[in-house]
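The values are calculated or read from the model by the stated rules, or taken from the named source; none is laboratory data. Keep in mind it's a predicted model, so treat the numbers as computed, not measured. A quick note on method: Cβ atoms are made from the backbone with ideal geometry, for glycine too, and the neighbour counts reach across all protein chains shown. Ligands, DNA and RNA are excluded from the accessible area calculation, which covers all protein heavy atoms including side chains. Shrake-Rupley method; radii C 1.70, N 1.55, O 1.52, S 1.80 Å.
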Amino acid sequence: MGGSRFISSTNPIKSPIRVYNLSDEVFSLSLLSQFSTSNPPYVDLSNTSARMKYGNKKGTAVLGGPNRKDVYLIGGVQQDLALLNKVDNNITVTSNQTLMIEEISKTYNASNQFIYFYKSDAEFWSYPQIGMSPTRRRSTSTIIDENKIYIFGGRVHIDTGSPTFICYNDLYTFDTVLLSWNKTNAANAPLPQSHAAPVLLLNGKILYIGGVSQTQPGFVAELIDMRNYAVLRNKSIIIQPRVAHTATLTSDNNEIIIIGGVSSYGYNLTAVTPVFVSLNIATEPYEYSELITFGSKPPSIAVHTANLYKNYIIVAFGNITGNSAPPSEMSSRIYLLDMPCKTWVTTFTPGDSMDRVLTMGREYGLDKIDTDKTKMPHEAPF
């Protein structure tokens with residue numbers, strides 16, 4: 001759902017200042033039958049009413065509503081793609097770099113709406129709600145429990161209509177049945193932060209892993225020390241702080257699998273060490289270790305997604321990162337981690353419950369599906 005994608009090198013509008021466009025497309029991954037990761041059964045919904053109202057990146061999508069069939073899109077950067085298309089087809093604008101920057105900037109911040117939701121049964125997007133919503137922002141830490149969405153932190157800057165870079169540490173809830181907002185006055189809130197990966201634990205606690213924090217508006221954000229959450233008994237391993245990672249609770253509720261991310265906040269998206277981390281939460285204090293797996297594992301990766309289905313963690317797309325330079329390669333792959341045997345497998349075998357999962361972008365966004373399955377769009381830097 002949404003995300004950003006590289007502009008083709010053959011497209012005349014591509015330039016050093018025009019590397020990517022936002023996407024308003026939606027697609028799903030069917031889990032009805034067995035498939036190979038070399039040919040995943042995508043279902044393109046972009047030519048239906050599921051297509052998004054605006055291009056969006058760095059928002060978060062979750063399933064909720066009375067029957068848990070509605071898709072809620074929280075925050076993100078918005079762009080009016082119809083207006084952008086007019087800009088791209090105006091030779092007077094595209095031939096003048098200064099004018100093009102000015103006109104493209106007008107396509108962003110298409111609305112002040114913070115939440116949209118897609119009614120899958122009725123097949124339409126809507127945004128009615130009760131109460132005062134948060135300031136529109138991106139890169140929030142968002143998760144749903146039953147019918148209530150918890151939205152923590154996030155950030156604003158020019159791409160969301162703010163002249164000042166500001167992170168937040170407020171906590172809002174949105175009831176997906178009553179369609180109502182509530183601001184929670186939680187004690188002992190951490191520093192304002194964004195990009196943390198939230199995990200809802202069985203005891204009702206939400207653990208926020210990684211991300212960046214800010215001491216005051218306008219200041220540079222710093223990576224959050226991962227050691228705040230757990231101990232590391234093997235002192236020979238360093239768990240680097242990170243953003244653009246995922247954190248997934250396993251089906252036995254005893255372990256969190258942290259995959260990928262980058263070790264810097266900005267444009268130089270360098271790989272983290274280790275790429276694959278296990279956080280044991282069976283007993284306190286929680287304990288980190290490097291995740292040891294078998295099979296053909298993904299490369300160092302960031303701005304991907306990870307979804308739990310039965311005993312599989314499904315890892316999709318993202319940027320392939322290096323050790324010293326920004327990523328120059330994107331992943332078009334899906335990877336399957338079979339958790340009981342900690343093995344990366346290439347064949348998906350369906351379970352007997354939920355039979356379809358929307359491949360929904362977290363705050364980093366997913367890009368559109370390309371029909372030949374070999375070229376996937378690329379995520380922009382933070």
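Could you work out how much longer the chain between Leu200 and Thr48 gets when fully extended? Use 0.36 nm per residue separation minus the Cα distance between them, nm to one decimal.
Here the segment from Leu200 to Thr48 would lengthen by 51.5 nm.
Going by a ≥ b ≥ c, the root eigenvalues of the Cα gyration tensor, does the chain fall in the rounded group (a/c under 1.5), the prolate group (a/b larger than b/c) or the oblate group?
rounded
Given 0.36 nm per residue, what is the gain on full extension from Glu146 to Ala282 after removing their alpha carbon distance, in nm?
46.7 nm
List, in order, the whole-Hz ³J(HN,Hα) value for each residue of segment 196-202 obtained from phi through the Karplus relation with A = 6.51, B = -1.76, C = 1.60 and θ = phi - 60°; use x for Gly and Pro.
6, 8, x, 10, 8, 8, 4
So how much slack lies between Leu179 and Thr215, counting 0.36 nm per residue of separation and subtracting their Cα-Cα distance, in nm?
Full extension from Leu179 to Thr215 adds 9.7 nm.
Pick out, from Gly218, Ala196, Thr142, the residue whose Cα sits farthest towards the positive end of the charge dipole of the chain, with +1 on the Cβ of Lys and Arg and -1 on the Cβ of Asp and Glu.
So the residue furthest toward the plus end is Gly218.
Which entries of Lys58/Lys310; Lys69/Lys148; Lys53/Lys106; Lys119/Lys205 have Cα-Cα distances beyond 25 Å here?
As for pairs spanning more than 25 Å Cα to Cα, those are Lys58/Lys310; Lys119/Lys205.
So what is the calculated 222 nm ellipticity per residue for the chain, using -39500 (n - 2.57) for each DSSP H run with n of 4 or more, over all residues, to the nearest 500 deg cm²/dmol?
That comes out to -1500 deg cm²/dmol.
How high is the FRET efficiency from Asn169 to Ile91, r the C-beta distance, R0 35 Å, rounded to 0.05?
After rounding to 0.05, the efficiency reads 0.15.
Using R₀ = 41 Å, calculate the FRET efficiency as 1/(1 + (r/R₀)^6) where r is the Cβ-Cβ separation of Asn39 and Trp125; round to 0.05.
The calculated FRET efficiency here is 0.85.
Can you send over the solvent-accessible area of Lys148, 1.4 Å probe, protein chains only, in Å² to the nearest 10?
About 80 Å², rounded to the nearest 10.
Taking a probe of 1.4 angstrom, what is the accessible area of Arg333 in Å², to the nearest 10?
Approximately 100 Å² of Arg333 is accessible to the 1.4 Å probe.
Can you tell me the dipole magnitude for the chain around its Cα centre, using point charges on the Cβ only (Lys, Arg +1; Asp, Glu -1), in Debye to the nearest 20?
It comes to approximately 340 debye.
Accessible area of segment 174-258 with a 1.4 Å probe: how many percent of it is carbon plus sulfur?
Heavy-atom surface of segment 174-258 belonging to carbon and sulfur, 1.4 Å probe: 53 percent.
Taking the chain as a Gaussian network, where each spring joins two C-alpha atoms under 10 Å apart, which residue of Leu249, Leu99, Leu81 fluctuates the most?
Among Leu249, Leu99, Leu81, the largest GNM mean-square fluctuation belongs to Leu99.
Send over a whole-number figure in Å² for the accessible area per residue of segment 163-227, probe 1.4 Å.
50
Let me make sure I get this right: for segment 1-154, a, b and c are the square roots of the gyration tensor eigenvalues over alpha carbons, sorted descending. Under 1.5 in a/c it's rounded, otherwise prolate if a/b > b/c, else oblate. Which is it?
Verdict is oblate for segment 1-154.
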